[in-house]
Every structure is written in C-alpha cells, then in structure tokens.
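The values are calculated or read from the model by the stated rules, or taken from the named source; none is laboratory data. Keep in mind the model is a prediction, meaning the values are calculated, not measured. Positions of Cβ are backbone-derived with ideal geometry, glycine not excepted, and every protein chain shown enters the neighbour counts. Heavy atoms of the whole protein, side chains included, go into the accessibility calculation; ligands, DNA and RNA do not. Shrake-Rupley method; radii C 1.70, N 1.55, O 1.52, S 1.80 Å.
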Amino acid sequence: MMTSETLPIVDVSALFGDDPAAIAATAAEMGKAARACGFLYATGHQQPAALFADLLAAAKQFFAQSTTEKMRVYIGNSRNHRGYVPEGEEVFAGGTHDVKEAYDSSRDLPHDDPDYLAGNPLLGPNQWPDLPGFKEAVTRYYQATFELGRVLLRGFALALGEPADLFMPYLKRPPSQLRLIHYPYDTSPVDRPGFGAHTDYEFFTMLRSTAPGLEVMNETGQWVDAPPLPDAYAVNIGDMLELWTNGEFVATSHRVRKVREERYSFPLFFAVDYHTRVAPMPRLVRPGAKARTPLVAGEHLFAQTAQTFRYLRKRLESGELVLPQSSLALSSFGHEAKLNPPDRNAGPQ
C-alpha cells in the first residue's frame, strides 16, 4: 500500500541518453508507478534551476497586484479559457470551494489562428498581463517543460511495451495548459480544503511547487501526503492515459489541503491534440474486462473544465455553450471513481 514514505522516486536522466538497458530500466520504474498509484517524482530531468526561479518570480509579481489589475485579464473575458482565475471561480465535484487564485496559459497561438476563429474553446492566444518579463518567463518555462513531457511520454510508451514514439503523432499543437497557482497565507488553524479532490483531464501532469499541501489517493482510498522534493517534478497520470491503457495506468485522484503557509504551484497539464480520439489499446483489454468508451481528448478536457468553472457554467445555463454528447461527470477516473463510481454520463446541457 502506498504511503508518504513509499511514493516512487524515478531518476529519468537515462531517457536523455542512448543506453538501451538504462532507458528500459527507467521506463519499467515509470510503468510500475503508473500502474500502482499513478504518481511519481521525476528527478534527473535536465531542467536548469533558473527556469523555475524565473517563473516563481513572475508569479509573485503577478499575484502581488491589486485585484483590479489582475481582473484586467480575467479568464471570463477569454473565449479560449486563458487568464486570471479569482478565488472561488472553480467548483469541483461535491461543490468544494477552492481557496486559491490562478493564472491560466497554454500554447500561445495568434489571433488569426483558424481553430481560434472557428470557435475552438481551448485553442488560441493567451491573455498576457502588462508586466515586464512576465510573458518571457512563462513562455520559457512552458516550452522547456513541454519538451520534458515529450521525453516522459516516450518512457511511458516503453513501459507499455510499445515503441517510444507511439504518442508523438498526437502532439502537433495540443492544448497543454500551464497554471500559475497562488494559495494565500492562511491564519486559521482549521485544516480546510485548498483545492477540491479531482483527477487531471489530460495525459499526465508535471508539477513544481514551493510548499506542502498536495495529497494523493492510494489504492485503498486513503489520502497520502505528497510534499515537494528538491529539484523534482511531481508527475501524475491523467484521465486520457488511463483511458488509452484501459485502466492499466491509473489517473491520480488528488487534492490540496493543510495550506497554512503561502504556497505557489505550477502544474503543466500535458495533453494530446484536441481532436485525438482516445480509445483503449486492444491488447490492454484483458480477458473478462470491458473496453472503456472512447473519448475525444479535447472534448473531454473542455467538458470537464466547463463543469468546473463558474463563468463557463453560466454560459452552459444560458445556452451559449453546449457540452459534447460524450461528456462524463466529474471524477469519472482514478482510484476515487473505482471506489465510489459516479454517474459517468454528465449528459449534454
């Protein structure tokens, strides 16, 4: 059973080299973690320390602004889900109110991008605040961490017994999102949620943070502390990789609690292309097991996001937006869904 003391730590440096035996051994460790708990710490990632330091400085500069200034780039002003997320904007399954603020960015496409002009809800330009150096620091971190994601994805493919480049054709311009999250200092001694329990909707997530608070659910439904380790990414499996493997890799149910000290958190949600049809690999549908229903990656990401953010829920209620026919209820993946199955069909709204 996974505990805080047994959370897997995988040195991924071999994935940057050309030693087949070392690469295979690293991939096997990654696969073991993905199958058991959907979570690992990745060390040896080859990312320079300045990338994280510059991003942290940019985040502190942004969140130190007045609410009026931050709301100039309010996410509700965007039609492709980019910008400032004030406290209380997100509500997860069970109605959990989150105690944080965030800035959401993604692949920064031009305003004349065809998908953006056609109304794609997740592709298009970022909303950048008018802060010196902010765009540059965020962009550098995004690009470097996305490239790390490509390396890790090759490791996960090998862990499944597949060619390393199995998933590469689906990474032309995915809506992978980088969030800058700020949990304010909490003077209350009460242990209250900071971020509702959920799984991530994409392939996997790569997280750096400045303080404890993250908890992950183990295979028995117990919450386990997953504090940040020095110079390590916390990596958790997301919904689409669980679906692609028909549950062999499990999405990580996680939440943030015990946020008594100020905390900054930077998850990059590594996604595949919006229109990718994700279906279980036939050989991973084991005898006696049922193949899960395929989903379109971007539609799933949008549907889950739309059920979570207040400004999008208002657009659903008004009829301005409609959920895809394939939409699932929140928390339909991970150990939490296995132990407490939801009504998986959210239904179009």
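Things to note:
- Residue in region 49-69 that is surrounded by fewer than 18 Cβ atoms within 10 Å (Cβ to Cβ), more than 20 Å from the chain's Cα centre (by Cα) and within 30 Å of residue 219 (Cβ to Cβ) present: no
- If the condition is being within 28 Å of residue 252 (Cα to Cα), out of contact with any Phe, Trp or Tyr (no Cβ under 9 Å at 6 or more places or on another chain) and assigned to a helix (DSSP H, G or I), then region 33-82 contributes 36, 49, 53.
- Cβ-Cβ under 9 Å pairs, at least 6 apart or on other chains, region 281-293 side under 17 Å from residue 159 (Cβ atoms), far side assigned to a helix (DSSP H, G or I): 281/244; 284/244
- Residue 291 vs. criteria among the aliphatic types (A, V, I, L, M), open to solvent by 40 Å² or more (accessible area, probe 1.4 Å), under 17 Å from residue 333 (Cα atoms) and modelled with pLDDT of 90 or more: yes
- Test: residue in region 15-29 that is under 14 Å from residue 249 (Cβ atoms) and out of contact with any strand residue (DSSP E or B) (no Cβ under 8 Å at 6 or more places or on another chain): yes
- All positions within region 100-144 that are over 22 Å from residue 48 (Cα atoms), free of Cβ contacts under 8 Å to residues at least 60 places away in the same chain and over 20 Å from the mean Cα position of the chain (by Cα): 110, 111, 112, 113, 114, 116, 117, 118, 119, 128, 130
- Across region 161-195, the number of residues qualifying as at pLDDT 95 or above, aromatic (Phe, Trp, Tyr) and open to solvent by 10 Å² or more (accessible area, probe 1.4 Å) comes to 1.
- Members of region 203-237 found to be at pLDDT 95 or above and either closer than 19 Å to residue 276 by Cβ or in a strand (DSSP E or B) (or both), listed by number: 203, 204, 205, 206, 207, 208, 209, 233, 234, 235, 236, 237
- Identity of the residue in region 83-108, part of a loop (DSSP other than H, G, I, E, B) and among the polar types (S, T, N, Q), that ends up modelled with the lowest pLDDT: 96
- Exactly one residue among 279, 271, 303 is out of contact with any helix residue (DSSP H, G or I) (no Cβ under 6 Å at 6 or more places or on another chain), over 29 Å from residue 83 (Cβ atoms) and hydrophobic (A, V, I, L, M, F, W, C), and that residue is 279.
Yes/no matrix, rows are residues, columns are (1) open to solvent by 30 Å² or more (accessible area, probe 1.4 Å); (2) hydroxyl-bearing (Ser, Thr, Tyr):
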| site | (1), (2) |
| --- | --- |
| 197 | no, no |
| 210 | yes, yes |
| 217 | no, no |
| 225 | yes, no |
| 237 | no, no |
| 243 | no, no |
| 248 | yes, no |
| 257 | yes, no |
| 260 | yes, no |
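- Residue among 36, 14 that is out of contact with any Cys (no Cβ under 9 Å at 6 or more places or on another chain), at pLDDT 95 or above and either among the aliphatic types (A, V, I, L, M) or closer than 23 Å to residue 200 by Cα (or both): 14
- Against the numbered list (1) touching a residue at least 40 places away in the same chain (Cβ under 8 Å); (2) closer than 23 Å to residue 30 by Cβ; (3) touching a Phe, Trp or Tyr at 6+ places or on another chain (Cβ under 9 Å), residue 304 comes up short only at (2).
- Region 313-341: number of residues that are within 16 Å of residue 198 (Cα to Cα) and modelled with pLDDT of 85 or more: 0
- Residue match in region 274-282 (condition: of a type outside the set (Val, Ile, Thr) and buried (at least 20 other Cβ atoms within 10 Å of the Cβ)): yes
- Residue match in region 13-24 (condition: at negative phi, of a type in the set (Phe, Trp, Tyr), surrounded by 14 or more Cβ atoms within 10 Å (Cβ to Cβ) and in contact (Cβ under 8 Å) with a residue 12 or more places away in the chain): no
- Against the list (1) part of a helix (DSSP H, G or I); (2) within 13 Å of the chain's Cα centre (by Cα), the condition residue 268 fails is (1).
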